[in-house]
Each structure stands twice: as C-alpha cells, then as structure tokens.
1. Counting only residues that are in contact (Cβ under 8 Å) with a residue 60 or more places away in the chain and open to solvent by 30 Å² or more (accessible area, probe 1.4 Å), which one in region 10-27 is nearest to Thr88 (Cα to Cα)?
2. Do the conditions hold for Pro41, that is, is it over 16 Å from Glu6 (Cα atoms), modelled with pLDDT under 95 and open to solvent by 30 Å² or more (accessible area, probe 1.4 Å)?
3. I'd like to verify a number: residues in region 79-100 that are open to solvent by 40 Å² or more (accessible area, probe 1.4 Å) and within 10 Å of the chain's Cα centre (by Cα), how many?
4. Give me a count of the residues in region 57-73 that are assigned to a strand (DSSP E or B), over 13 Å from Cys22 (Cα atoms) and open to solvent by 30 Å² or more (accessible area, probe 1.4 Å).
5. What is the residue count in region 24-56 for residues that are under 27 Å from Ser113 (Cα atoms) and assigned to a strand (DSSP E or B)?
Amino acid sequence: QVQLVESGGDLVQPGGSLRLSCAASGRIFSGAVMGWSRQAPGKQRDFVALITSGGLTNYANSVKGRFTISRDNAKNTVYLQMNSLEPTDTAVYYCYYEWSGISWGQGTQVTVSS
C-alpha cells in the first residue's frame, strides 16, 4: 500500500501562483509514475500532469505553459507549480501514484477567485 498526502491548496487571485506538494510513503518503487488530476464541482476527474521516475513529463493541453510538474525521488515527493492561474483551474487536486495499480491522495482544494 502507498499513502499519499497532498498540501499547498489555497485561495488565490486570478494570475497568481501556487505550489502543490504530494508526499508518498509505504511500499514505494522507484520506477513509479506520479502525477496530478483535478476535479471541479459537478465534473469528472481530469488528468493534469504526470512525471516518470526518469523525469519525462506530460501535461493536459489546458495547463501547458502554465503548470510545471517535478519530483524529488529521494523524498518520494512530487510537486505541481501552478502559474497564471485562472478561475477555470478551481478544483480539488489529487495526487496519484501508479505502479501495478493506482493510489490516490485525499485531495487539496485550489480556488482561483477575485
């Protein structure tokens, strides 16, 4: 079992920035993919970004150029730097860990509003 704990969600004004963190613990495998998804009220959970253990990344078109995913393998932690935030980025952000199945964190709320 893998446990994931997210942090960093907050209320921010449009155009602002936030940095989310997700720390993994438990049965960790170095080759796992880690990433982020988000779910806005009344909508399905959508992919945001992922990063492999080797540092390869992939992003949803809606966040390309604004969000950056990174990871610290020594700390089993993945980060999501979010810049130029828009009201449409408002959602609960979930971290995930993928290795022979997917584990999810509990989510952290990001609200973009003036």
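1. Once the filter is applied, the top-ranked residue is Pro14.
2. When the stated conditions are applied, Pro41 passes them.
3. Number satisfying all stated conditions: 1.
4. The total comes to 4.
5. 11
The values are calculated or read from the model by the stated rules, or taken from the named source; none is laboratory data. Just so we're clear, the structure is a prediction, and the values are computed from it rather than from any experiment. Virtual Cβ from ideal backbone geometry, glycine too; neighbours counted across all protein chains shown. These area figures cover heavy atoms from the full protein model, side chains too; ligands, DNA and RNA do not enter into them. Shrake-Rupley method; radii C 1.70, N 1.55, O 1.52, S 1.80 Å.
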